[in-house]
């Protein structure tokens with residue numbers, strides 16, 4: 001470096017001596033360097049997204065989840081307040097239509113055929129239509145519950161970790177207490193108290209489901225709290241709330257997102273398990289778990305001694321496929337965001 | 001901190017949690033519309049209000065909430081969970097007959113999980129990023145994702161109905177210690193243990209792969225130790241620690257799983273009783289089992305912490 005640049009316009013800038021990207025005039029034509037690219041810093045989210053898109057199994061899982069969600073939405077027309085807001089119908093029958101009333105050639109537990117690709121269930125309803133529509137309940141409950149619990153857990157954990165001391169002590173004892181009960185048991189009791197139904201299920205899984213996020217976020221906040229940029233923000237006079245929600249919370253997001261994506265599958269299985277135990281949606285609803293409950297008795301003894309395997313295999317297979325895809329997405333996000341240091345992706349808490 | 005002090009400190013820290021568990025259990029059921037007495041009254045409309053009041057006092061359901069809570073807790077502390085409403089049997093007696101069935105199932109599930117997961121986890125870590133690793137990772141992911149009730153139904157479908165290897169239901173309930181019962185335990189045991197096996201496999205793989213990169217492994221290899229001994233004696237021991245930290249979570253999962261799996265296989269344990277009690281509104285039984293679940297998970301956590309502190313003394317100084 002022989003000549004000094006004007007230091008006034010570059011104050012505070014870190015310079016690498018010996019190589020100055022600004023001074024290179026000739027570049028390899030194959031490098032896709034542009035003037036803008038030199039100034040652009042690639043953010044964590046952007047880099048994570050690039051890595052995620054390159055992960056083939058995770059992208060495959062995204063396709064499956066999107067297809068299954070679309071299939072659930074477009075399975076039958078949706079009507080709201082008397083207006084048809086979604087007119088398409090991928091499923092050939094209403095999930096509640098009893099087929100043998102219209103077509104006497106159809107009987108209960110007809111095996112899969114061209115007209116009924118997944119067979120007919122024990123009440124003479126088309127299983128393919130029911131499996132498609134069944135996604136509406138489990139999938140939407142899964143996303144709603146995770147949205148609610150993750151948001152609340154984020155706030156709870158951020159407050160607990162940031163204030164520390166006695167506040168933290170009490171808040172974490174509450175979380176420990178909730179952790180003493182398996183989530184499914186708590187959900188079972190709440191549904192037993194409130195009765196089954198869509199919003200009751202949402203409440204059952206949300207009421208205590210935030211504890212895991214709370215504990216995770218608190219741990220992250222404790223780590224971040226010590227970092228210099230938080231100290232700098234405080235030194236500049238930022239208020240507590242602004243430090244927590246502008247500086248700490250965004251940096252605690254990656255592990256939270258990983259946990260949330262893995263939890264969607266857990267909630268979907270939980271909803272189906274309650275349905276299977278006869279405590280979820282009303283009997284007869286085309287919900288995956290409830291459908292399995294209805295065929296459980298006849299699995300062993302179908303009509304004419306045949307085993308109606310299709311009534312068990314397809315609804316359960318749908319749950320399995322969805323949850324598996326969700327977990328693959330969760331693993332993919334974990335790899336992409338480098339959140340594995342927190343241990344979330346390794347199957348549980350830290 | 002000595003091990004004894006560590007254990008003592010951990011046990012003391014359980015007291016507020018135990019209190020919280022009892023409050024949640026009591027609170028959830030206290031919020032339930034219709035306490036046991038109003039149910040009894042509904043069954044028998046001839047009960048006069050004075051008699052109802054008398055009943056309430058007998059069941060400890062009169063007075064302010066905190067008084068009811070104290071009555072309940074002091075009864076529970078001496079092992080009195082009240083009676084079953086319809087038959088008047090002691091709830092503690094029902095639990096005593098059901099508990100061994102669930103413990104047998106859970107133990108079988110745990111043993112199955114460890115036997116399957118530890119060797120596969122080692123294999124996957126050693127063959128990292130090769131075909132065998134990819135396959136076992138896929139299987140582990142399936143094991144986490146499969147709903148246990150569906151797995152149970154599929155096992156019945158394949159092994160009982162098509163292959164006829166197992167009876168769908170045990171033909172007669174033999175006593176639990178009868179050797180033949182082991183055969184009937186296999187399908188429910190596998191069902192309940194699969195999720196735990198899959199989680200352990202994933203943790204084993206990650207932690208072993210991490211350990212294999214550490215310097216003491218290079219040192220052991222440089223010393224000329226056979227690879228087998230390096231892995232089984234040095235690496236395995238260190239990676240098992242991370243399995244211990246997972247053990248409490250998995251035990252909670254097995255407890256929750258027992259509810260579903262016992263219903264699938266008609267296994268007469270606590271979980272089966274729990275669902276029955278919920279359907280028949282036997283509040284005393286539901287409360288007792290809920291409380292038991294909470295205490296059991298707390299104790300499992302304590303046990304895991306103590307084992308962890310023995311295996312890895314550094315934790316005691318945190």
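Being within 14 Å of chain B (Cβ to nearest Cβ), surrounded by 19 or more Cβ atoms within 10 Å (Cβ to Cβ) and either farther than 25 Å from residue A:258 by Cβ or in contact with a strand residue (DSSP E or B) (Cβ under 9 Å, 6 or more places away or on another chain) (or both) is the requirement here; does residue A:180 meet it? No, not satisfied. All but one of (1) over 22 Å from residue A:136 (Cβ atoms); (2) away from chain B (no Cβ under 11 Å); (3) at pLDDT 85 or above hold for residue A:287; which doesn't? The single condition residue A:287 does not satisfy is (1).
Yes/no matrix, rows are residues, columns are (1) over 19 Å from residue A:271 (Cβ atoms); (2) out of contact with any helix residue (DSSP H, G or I) (no Cβ under 7 Å at 6 or more places or on another chain); (3) within 14 Å of chain B (Cβ to nearest Cβ):
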{"site": "A:143", "(1), (2), (3)": "no, no, no"}
{"site": "A:150", "(1), (2), (3)": "no, no, no"}
{"site": "A:162", "(1), (2), (3)": "yes, no, no"}
{"site": "A:170", "(1), (2), (3)": "yes, yes, yes"}
{"site": "A:188", "(1), (2), (3)": "no, no, yes"}
{"site": "A:196", "(1), (2), (3)": "no, yes, yes"}
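Please determine whether any residue of region A:225-233 is surrounded by 21 or more Cβ atoms within 10 Å (Cβ to Cβ) and either assigned to a helix (DSSP H, G or I) or within 10 Å of chain B (Cβ to nearest Cβ) (or both). Looking through region A:225-233, none of the residues is surrounded by 21 or more Cβ atoms within 10 Å (Cβ to Cβ) and either assigned to a helix (DSSP H, G or I) or within 10 Å of chain B (Cβ to nearest Cβ) (or both). The residues listed here are A:237, A:209; of these, the one that is at pLDDT 85 or above and out of contact with any helix residue (DSSP H, G or I) (no Cβ under 8 Å at 6 or more places or on another chain) is A:237.
The residue that is surrounded by the most Cβ atoms within 10 Å (Cβ to Cβ), among those in region A:234-249 that are without any contact (Cβ under 8 Å) to a residue 24 or more places away in the chain and in a helix (DSSP H, G or I), is A:247.
Only residues that are crowded, with 22+ Cβ neighbours inside 10 Å and not in a helix (DSSP H, G or I) were counted in region B:251-304, giving 4. Scanning region B:42-66 for residues that are modelled with pLDDT under 70 and not in a loop (DSSP other than H, G, I, E, B) yields B:42, B:43, B:58. Report the residue count in region A:198-212 for those that are within 13 Å of chain B (Cβ to nearest Cβ), outside any helix (DSSP H, G or I) and either in contact with a strand residue (DSSP E or B) (Cβ under 6 Å, 6 or more places away or on another chain) or touching a residue at least 24 places away in the same chain (Cβ under 8 Å) (or both). Selection size over region A:198-212: 1. Per this entry, residue A:189 is counted among residues that are outside any loop (DSSP other than H, G, I, E, B) and closer than 15 Å to residue A:279 by Cβ.
So if I check each of B:224, B:189, B:193, which one is at positive phi and more than 14 Å from every other protein chain (Cβ to nearest Cβ)? Within the list B:224, B:189, B:193, the selection yields B:224. Restrict the check to region A:213-224 and report whether at least one residue is free of Cβ contacts under 8 Å to residues at least 24 places away in the same chain, under 21 Å from the mean Cα position of the chain (by Cα), more than 10 Å from every other protein chain (Cβ to nearest Cβ) and surrounded by fewer than 16 Cβ atoms within 10 Å (Cβ to Cβ). No - not one qualifying residue is present in region A:213-224.
Take residue A:260 and decide whether it is within 14 Å of another protein chain (Cβ to nearest Cβ) and within 19 Å of the chain's Cα centre (by Cα). No, not satisfied.
The values are calculated or read from the model by the stated rules, or taken from the named source; none is laboratory data. On a predicted model such as this, the values are computed, not experimentally measured, just so you know. For neighbour counting, all protein chains shown are included, and Cβ atoms are generated from backbone atoms with ideal geometry for every residue, glycine included.
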